[in-house]
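Please read the structure below before turning to the comments.
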Amino acid sequence: MKHFISTEQLSRELLERLFCLADQIRNHPWKYSEILRHKVVATLFFEPSTRTRLSFESALQRLGAKLISSENAKEMSSFAKGENIRDTIRVIQGYCDAIILRHYDNNAAREAAKVARIPIINGGCGSGEHPTQTLLDLYTIYRNKKRMDGLKIAILGDLKFGRTVHSLVNALSLFQGIEIYGYGIKNLDLQTEYVSSIQSKGIKYHPVSSFEEIPESIDVLYQTRIQKERITESTNFSYIIIDRKIMSCFSIDTLLMHPLPRNDEISEEVDEDPRAVYFEQTENGLYARMALLTEIFTENEGW
Ligand code: NCD
């Protein structure tokens, strides 16, 4: 794997190797602290980010790489002077050994990869995909459940524009016996193209419109915020809110996940619940991204 653009590129073996590597890095960080010593990596972010950019930057520093960064590239890079993404990449690749790109355009990472001679990592592009979020989501599930086959997962909230959801459902199809319950906000349901694609790969998809239709023993509730920045119409969408009362309807083994940031779709009163693992997810992101970077640079030795 040279670039990491989509969860379509993942295999079960690769995922298992990354989980294992992430655990090793967590347990023996000093063994990995020099592994990218001679590398310079760029983070190029055209959209806001806290977790993705800072966890990647921390991951890079902890692996010994040096960093160059444009955190507000929409206003502060040559994009503001009319430069297209291909030219920006053609230039930046002369300064570094890999680029982590976040962009508002669904195809930006793919476009970048077409012209890049160095690895491009998709840090979230438009409403399309956010594959490195999926790595940490699956790593979190794996650490808590110790299995991936036979999982039942409810995806909630904005399933239409939520890129984390798109990457996640794609990747889940690598496992056996997966069932997904889709509880989308009205008019923000999972698009037919995704539903058909995952069904064709063997996932059972159940669209639902209330918590009562989700089995009490569900393994994971994956809540998401409304992607307001991608919605042009002035509709007031009715939120699906998870509070203590909702959590009391689910089993003691049901994990509550969220890619974050949250607005008010998970009440803060739930944070104390041991089943709420969204802050654990963010921390796992550091190790999952360290594992991915190690894998990419080892695979592309000589880049
Ligand atoms: C997500 C994103 O940017 O898509 N955030 C993240 O990277 N953890 C989710 C979101 O913004 O809602």
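The values are calculated or read from the model by the stated rules, or taken from the named source; none is laboratory data. Everything numeric here is computed off the predicted structure, so don't read it as measured data. In this analysis, Cβ positions are derived from the backbone assuming ideal geometry, glycine residues included, and neighbour counts consider all displayed protein chains.
Can you find a residue in segment 133-140 that is closer than 22 Å to Phe19 by Cβ, modelled with pLDDT of 95 or more, away from the ligand (no atom under 13 Å from the Cβ) and not small (Gly, Ala, Ser)? Yes, that holds for at least one residue. For the criterion of being in contact (Cβ under 8 Å) with a residue 60 or more places away in the chain, hydrophobic (A, V, I, L, M, F, W, C) and surrounded by 22 or more Cβ atoms within 10 Å (Cβ to Cβ), Ile100 fails.
For Ser33, the conditions (1) surrounded by 15 or more Cβ atoms within 10 Å (Cβ to Cβ); (2) of a type in the set (Gly, Ala, Ser); (3) farther than 19 Å from His130 by Cβ all hold with the exception of (1).
When segment 148-193 is filtered for residues that are acidic (Asp, Glu) and surrounded by 20 or more Cβ atoms within 10 Å (Cβ to Cβ), only Asp158 remains. Ser200 falls short of the stated requirement of being within 11 Å of Leu156 (Cα to Cα), small (Gly, Ala, Ser), without any contact (Cβ under 8 Å) to a residue 40 or more places away in the chain and exposed (fewer than 14 other Cβ atoms within 10 Å of the Cβ). Given the condition crowded, with 24+ Cβ neighbours inside 10 Å and polar (S, T, N, Q), answer yes or no: does some residue in segment 140-147 qualify? There is no residue in segment 140-147 that is crowded, with 24+ Cβ neighbours inside 10 Å and polar (S, T, N, Q).
Out of Thr132, Thr88, one residue alone is in contact (Cβ under 8 Å) with a residue 24 or more places away in the chain and under 17 Å from the mean Cα position of the chain (by Cα). It is Thr132.
This table checks each residue for (1) within 14 Å of the ligand (Cβ to nearest atom); (2) within 21 Å of Glu283 (Cα to Cα); (3) aromatic (Phe, Trp, Tyr); (4) in contact with a Pro (Cβ under 6 Å, 6 or more places away or on another chain).
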residue	(1), (2), (3), (4)
Ser217	no, no, no, no
Gln223	yes, yes, no, no
Ile241	no, no, no, no
Phe250	no, no, yes, no
Arg262	yes, yes, no, no
Glu268	no, yes, no, no
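A single entry from Arg230, Arg289 fulfils the requirement of being within 14 Å of the ligand (Cβ to nearest atom), among the charged types (D, E, K, R), under 30 Å from Ile118 (Cβ atoms) and modelled with pLDDT under 95: Arg230. Of all the criteria given as (1) closer than 27 Å to Gly128 by Cβ; (2) surrounded by 14 or more Cβ atoms within 10 Å (Cβ to Cβ), the one not satisfied by Ile246 is (1).
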